[in-house]
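**Student:** Take a look at this one; I'll ask things after.
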Amino acid sequence: MLIVLAGTGCGGQRSAGEVRIVMEKRAPSLDPRVSADSAAERVRQLLFNSLTKKDAGFEAIPDLAESFTAGPSSCTFKLRTGVKFHDGRPLTSADVRYTFETLLAPGFASQKKAELSTLIESIDTPDDATIVMHCRAACPGLPNAIIPIGIIPEGSGATQPTNPVGTGAFVFVENIDEQQLTLRANPEYFEGAPPISRLLLRIIPDASTRESELRSGAADLAINADLDPLSIEAMGSDPNLKVDISDGTNIAHLGVNLLDPVLANRSVRQAVACAADRDEIIARVYRNQARAAKSILPPNSWAYEPSVKNYAHDPALAARLLDAAGYKPDAQGRRITLQLKTSSLSIARKVGEALQEQMRQAGIELQLLPLERQKLTQDIIDGNFQLYLNTLVGGNQSPDIFRLVYASNSIPPNGQNRSRYTNPALDRLLDEALTSPRPRQKEIYSEIQKMLAEDLPQIYLWYSSTVVIRRSRVSALDLDPSGDWRSLRHLRLIE
């Protein structure tokens, strides 16, 4: 439950132009060089800009950079003029250099580090408006790879986790007991001040409380806030609420620990994939607010490969795969026991329970362990799991995700290869893709997707729909399929 604090705008009195958003979890860090958690990335999109951003086709276009030009093994960025940080300092190339050099420094732990350290060799700043990033080889994907890196002022690294300063459309005001973030509109934002004056991001872990806050009017907006799909259906009939549902790209998956002696066997992983009935869970648990997935990339990505090995629900095949792996049924029909870690959210528990019943049909005893989000995230990073249920937010729209999640040098803390997957053939393909033209890249990424569909370091489940629930006073949002929060700068109140 959220504790109501006097003087923070949480009570009945609300500031003019204020919008209150409910979130399901807190951001572990507000430093844009570190944040890889979905909550932290949402806040990054409000407070910071990067040199580049993605367009509707998920390709890199200028953001803080006015333009960029790729050379044989470098990329030159020209900064916009007149951009200021929230503390009034003008943006210069020195700030960009500082951001990336501190991120890439030895000993700096960041899950965003692996791919960039592979790409960037050095950075030059010939003048205040020019940045030249020299690459270790040809780097056509660099403008896309740097999208998640928010630019910070030179020398501000130590204070960014708790007192973030960026160039974004909103300015950090306060973080009250990690239960409420208060942001105000940036009147000097280079693309124009937001129409609303103030954002309150209220951290409410309990789904029923998030729903009641929306229904009562204490909150105005929820974006992909892990609300129960049945509740979302019910809120659609509330005359004071608007529910907007569209196809999304955020991908739910089972993470698999390849260092586990049971799951190290590929046949066991394939058996788990065959035992899962995605269509049943999408229909029954998600109320069709999701689409089945067979690649980490969404179908609208230019690199998506549809012709990969697919694992339809087939418990008999799953049993045969376990037989072949040497796991025969005991007197109760149980072949193996696995532990699945999930968040403690209601929807995660329901998915876990559905998977538990489905796995039992193939002789797999699935033990469920719901954890608070912070504990689950730390266990995933530390490799303290057999299986986990999680959703990857935003980063899978570009094939750069393959290096971040599957490269051998991306094992935490320097990346998100949480399965501890090592495949020299895949690493070689990733290296080749860095210097290849687009047609060859398409071939490489198709091969990688086929390889991953066989090896299953992750078992893809579904792409969750983008769900926006808003009070009638809040205008519609033009969100991209990942639910990117930068669109909040266009938010208006209808009053």
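**Student:** Return yes when R471 is outside the structural domain of R278 (by TED's automatic domain parsing) and in contact with a strand residue (DSSP E or B) (Cβ under 7 Å, 6 or more places away or on another chain) and no when it is not. Break it down into steps so the answer makes sense when it comes.
**Tutor:** On the way: outside the structural domain of R278 (by TED's automatic domain parsing): yes; in contact with a strand residue (DSSP E or B) (Cβ under 7 Å, 6 or more places away or on another chain): yes.
So R471 fits the description; yes.
**Student:** In segment 420-441, what count of residues is obtained for those that are modelled with pLDDT of 95 or more, charged (D, E, K, R) and out of contact with any helix residue (DSSP H, G or I) (no Cβ under 6 Å at 6 or more places or on another chain)? Quick ask: steps written out before the conclusion?
**Tutor:** Initial filter on segment 420-441 (modelled with pLDDT of 95 or more): 420-429.
Of the ones still in play, those that are also charged (D, E, K, R) are 420, 427-428.
If we keep only those that are out of contact with any helix residue (DSSP H, G or I) (no Cβ under 6 Å at 6 or more places or on another chain) as well, we get 420, 428.
Of the residues in segment 420-441, 2 are modelled with pLDDT of 95 or more, charged (D, E, K, R) and out of contact with any helix residue (DSSP H, G or I) (no Cβ under 6 Å at 6 or more places or on another chain).
**Student:** Here's a follow-up. Scan segment 352-384 for residues that are touching a Gly at 6+ places or on another chain (Cβ under 7 Å) and closer than 29 Å to A425 by Cα and jot them down.
**Tutor:** I380
**Student:** If a residue counts only when it is farther than 23 Å from D228 by Cβ and out of contact with any Asp or Glu (no Cβ under 8 Å at 6 or more places or on another chain), which helices (runs of 4 or more DSSP H) contained entirely in segment 247-341 have at least 2 such residues?
**Tutor:** Working: elements: 266-275, 278-284, 315-324.
Because the criterion is at least 2 residues that are farther than 23 Å from D228 by Cβ and out of contact with any Asp or Glu (no Cβ under 8 Å at 6 or more places or on another chain), the helices (runs of 4 or more DSSP H) in segment 247-341 that meet it are 266-275, 315-324.
**Student:** Of the residues S408, S398, S436, S419, which is touching a Lys or Arg at 6+ places or on another chain (Cβ under 8 Å) and either outside the structural domain of I296 (by TED's automatic domain parsing) or polar (S, T, N, Q) (or both)? Give the steps one after another, and end with the answer.
**Tutor:** Numbers: S408 fails: touching a Lys or Arg at 6+ places or on another chain (Cβ under 8 Å); S436 fails: touching a Lys or Arg at 6+ places or on another chain (Cβ under 8 Å); S419 fails: touching a Lys or Arg at 6+ places or on another chain (Cβ under 8 Å).
Checking each option against the conditions leaves just S398.
**Student:** Turning to a different aspect of this structure: The conditions are (1) closer than 23 Å to L392 by Cβ; (2) crowded, with 21+ Cβ neighbours inside 10 Å; (3) touching a helix residue (DSSP H, G or I) at 6+ places or on another chain (Cβ under 9 Å), and L214 fails exactly one of them. Which is it?
**Tutor:** (1)
Every residue, every condition in (1) under 25 Å from the mean Cα position of the chain (by Cα); (2) of a type in the set (S, T, Y); (3) farther than 18 Å from S472 by Cβ, yes or no:
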| position | (1), (2), (3) |
| --- | --- |
| P161 | yes, no, yes |
| F190 | no, no, yes |
| P194 | yes, no, yes |
| A207 | yes, no, yes |
| G217 | no, no, no |
| L221 | yes, no, no |
| D228 | yes, no, yes |
| P239 | no, no, no |
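**Student:** Further question on the same structure: Could you please give the count of residues in segment 271-303 that are without any contact (Cβ under 8 Å) to a residue 60 or more places away in the chain and among the aliphatic types (A, V, I, L, M)? Please lay out each step first, then the result.
**Tutor:** Taking segment 271-303 and keeping what is without any contact (Cβ under 8 Å) to a residue 60 or more places away in the chain, we get 279, 283, 287-288, 299.
From the residues that got through so far, the ones that are among the aliphatic types (A, V, I, L, M) too are 283.
Qualifying residue count, segment 271-303: 1.
**Student:** Right, next: Assess whether P239 counts as being in a loop (DSSP other than H, G, I, E, B) and touching a strand residue (DSSP E or B) at 6+ places or on another chain (Cβ under 8 Å).
**Tutor:** Values: in a loop (DSSP other than H, G, I, E, B): yes; touching a strand residue (DSSP E or B) at 6+ places or on another chain (Cβ under 8 Å): no.
Criteria not met by P239.
**Student:** Determine which member of the set T99, T118 is closer than 21 Å to K78 by Cα and either buried (at least 20 other Cβ atoms within 10 Å of the Cβ) or in contact (Cβ under 8 Å) with a residue 12 or more places away in the chain (or both). If you could, list the steps in order and put the result at the bottom.
**Tutor:** Details: T118 fails: closer than 21 Å to K78 by Cα.
Answer to the selection: T99.
**Student:** While we're here: Can you tell me which residue among L369, L317, L392 is of a type outside the set (F, W, Y) and either within 30 Å of E59 (Cβ to Cβ) or touching a Pro at 6+ places or on another chain (Cβ under 7 Å) (or both)? It would help to see each step written out before you state the result.
**Tutor:** On the way: L369 fails: either within 30 Å of E59 (Cβ to Cβ) or touching a Pro at 6+ places or on another chain (Cβ under 7 Å) (or both); L317 fails: either within 30 Å of E59 (Cβ to Cβ) or touching a Pro at 6+ places or on another chain (Cβ under 7 Å) (or both).
After applying the criteria, what remains is L392.
**Student:** Shifting gears a bit: Taking the stated definitions as given, is L200 assigned to a strand (DSSP E or B), closer than 16 Å to E24 by Cβ and not small (G, A, S)? Working first, answer last.
**Tutor:** Numbers: assigned to a strand (DSSP E or B): yes; closer than 16 Å to E24 by Cβ: yes; not small (G, A, S): yes.
Spelling it out, L200 is indeed assigned to a strand (DSSP E or B), closer than 16 Å to E24 by Cβ and not small (G, A, S).
**Student:** Right, something else. Only helices (runs of 4 or more DSSP H) wholly contained in segment 344-417 count here; list those with 1 or more residues that are of a type in the set (D, E) and modelled with pLDDT of 90 or more.
**Tutor:** Details: elements: 346-360, 373-382, 401-406.
It comes to 346-360, 373-382.
Conditions (1) in a loop (DSSP other than H, G, I, E, B); (2) in the same structural domain as N414 (by TED's automatic domain parsing); (3) under 27 Å from the mean Cα position of the chain (by Cα), marked per residue:
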{"position": "G88", "(1), (2), (3)": "yes, no, no"}
{"position": "A94", "(1), (2), (3)": "no, no, no"}
{"position": "S110", "(1), (2), (3)": "yes, no, yes"}
{"position": "S117", "(1), (2), (3)": "no, no, yes"}
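**Student:** Looking only at segment 436-495, which residues are free of Cβ contacts under 8 Å to residues at least 40 places away in the same chain, out of contact with any Leu (no Cβ under 9 Å at 6 or more places or on another chain) and among the hydrophobic types (A, V, I, L, M, F, W, C)?
**Tutor:** Of everything in segment 436-495, just one residue is free of Cβ contacts under 8 Å to residues at least 40 places away in the same chain, out of contact with any Leu (no Cβ under 9 Å at 6 or more places or on another chain) and among the hydrophobic types (A, V, I, L, M, F, W, C), namely I494.
**Student:** Right, another one. One residue is enough: does segment 295-313 have a residue meeting the conditions over 30 Å from D55 (Cβ atoms) and in contact with a Gly (Cβ under 9 Å, 6 or more places away or on another chain)? Break it down stepwise before answering.
**Tutor:** Taking segment 295-313 as the starting set, the residues that turn out to be over 30 Å from D55 (Cβ atoms) are 309-313.
If we keep only those that are in contact with a Gly (Cβ under 9 Å, 6 or more places away or on another chain) too, we end up with none.
No: zero hits.
The values are calculated or read from the model by the stated rules, or taken from the named source; none is laboratory data. From a predicted model like this one, the values you see are computed outputs, not experimental measurements. Reconstructed Cβ throughout: ideal geometry from the backbone, glycine too, with neighbour counts over all protein chains shown.
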